[in-house]
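Remarks on the structure that follows.
Laboratory data are not the source of any read-out in this text; all were calculated from the coordinates shown. Remember, predicted model here, so these are calculated numbers, not experimental data. Cβ coordinates were reconstructed from backbone atoms using ideal geometry, including for glycine residues, and neighbour counts include every protein chain displayed.
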Amino acid sequence: MKYILALGSVDRRVLYVLLAVVLVLPLVRPIGLPISIRDNSKQVYDKIDELKPGARVIMDINYDVSAIADIESQAVAILNHLLDKDAKVIAISFVPQGPIIADRLLGRWLEAGKEYGKDFCNLGYLAGGETAMNAFIRDLPKACPSDYMGSPVSSLEVMNGIRSGADADLLIYFSSSYTAEWIRQAGPLDVPIIAGVITVLGPAQEAFVQSGQLKGLLVGMRGGAEYELMIRKPGPAVAAMDAQSMGHMLFILFIVFGNMAYLSEKNKRAKRS
């Protein structure tokens, strides 16, 4: 009992040091704590896994640097899967920072030997919100006559035969703000849609999964970790989930010890009185 009393009254600075240790160690050396795969995440994997080589995917990068920690692991994992499937990616963004993020993400494809213009392209930023989305999905070459680099889209092999969203095999959007925009604009064209969103948007998207308007959904860093496990490429999201779980366990442990020490001390005072 004396050890529990000691743990219950440990100096808070010791707790801060222990918390730093349990957070940093999993990030440096992931533990691989088990993570259950949710049905919505499995649906995303299955939809992408059924793509044939050469399938063309429209990818909307709709988040800025403030959302990178929560959502980017999803985009990286899905791009790795698309790379393995030998798919073609057409990136677009409706937020100003999106094209820079897309350029950085797709840089990994160049490192893997893929060719810009043939295997993927970045169409840059299209201003106008949902109105711009409507114009884009119904006539891509007209809405985006040139790409992020200023090259005519007609010169990009990956754009051959793509007039509207209906010509694509899949639409993926990663968003820190969208809820129903793509459902309204792309849904009538019967292009399959999957989504990756920040954690707080998960509940708003769930109804579209249940209705079949979304063919799959990844939510937050947890969704990225699940996808890393499904493609058997554990990465930063799995490590971050390990750190988060270890931090939670440490808090719970010391809450238990603190309450046990409090009750023990309370019983001692009661006996003395």
*asked:* Please report the net charge: other residues with Cβ closer than 13 Å to the Cβ of R108, K and R +1, D and E -1.
replied: -2
*asked:* Students often get this wrong, so try it: which of (1) 6, 25, 30, 24, 12, 3, 0; (2) 7, 26, 29, 15, 10, 7, 4, 2, 0; (3) 6, 27, 35, 21, 6, 3, 1, 0, 0 is P(r) over Cα pairs in 10 Å bins from 0, in percent as calculated from the structure shown?
replied: (2)
*Using Cα centres only, tell me the gap between region 177-219 and region 18-71 in whole Å.*
17
*So how far, in whole Å, is the C-alpha centre of region 82-106 from the one of region 247-273?*
52
*DSSP loop trypsin sites (Lys or Arg not before Pro) in region 182-263 with at most 15 other Cβ atoms within 10 Å of their Cβ, which ones?*
R232
*On full extension of the chain, what length is gained from I252 through A207, given 0.36 nm per residue of separation minus the C-alpha to C-alpha distance?*
12.9 nm
_Size of electric dipole in region 142-220: Cβ of Lys, Arg +1 and of Asp, Glu -1, about Cα centre, debye, nearest 20_ = 140
*Estimated vicinal HN-Hα couplings, Hz - region 268-273 in sequence order (Karplus 6.51, -1.76, 1.60; Gly, Pro = x)*: 5, 5, 5, 5, 5, 7
*Rank the residues F254, F136, F174 as a footprinting-exposure proxy: fewest other Cβ atoms within 10 Å of their Cβ go first.*
F254, F136, F174
*Using the Cβ atoms and a cut-off under 14 Å, what net charge is assigned to the surroundings of A20, where Lys and Arg are +1 and Asp and Glu are -1?*
+2
_Along the Cα→Cβ direction, 7 angstrom out, place labels at M149 and I31. What is the inter-label distance in nm?_
4.6
*asked:* Using Cα-Cα distances under 8 Å and only pairs 6 or more residues apart, what relative contact order does region 39-233 have, in percent?
replied: 29
*Is the shape of region 39-184 best called rounded, prolate or oblate, per the rule: a/c under 1.5 gives rounded, else a/b larger than b/c gives prolate, else oblate, with a ≥ b ≥ c the square roots of the Cα gyration tensor eigenvalues?*
rounded
*So which of K85/K142; K142/K215; K52/K142; K42/K88 end up more than 25 Å apart by C-alpha?*
K85/K142; K142/K215; K52/K142
_Difference of contour (0.36 nm per residue) and Cα-Cα distance, D139 to D190_ = 16.9 nm
_Exposed-loop-free span, longest in the chain, where GluC sites (Glu not before Pro) count as exposed if DSSP calls them loop and at most 13 other C-beta atoms lie within 10 Å_ = 116-273
_Environment charge of R38, counting only residues whose C-beta is closer than 9 Å and scoring Lys/Arg +1, Asp/Glu -1_ = 0
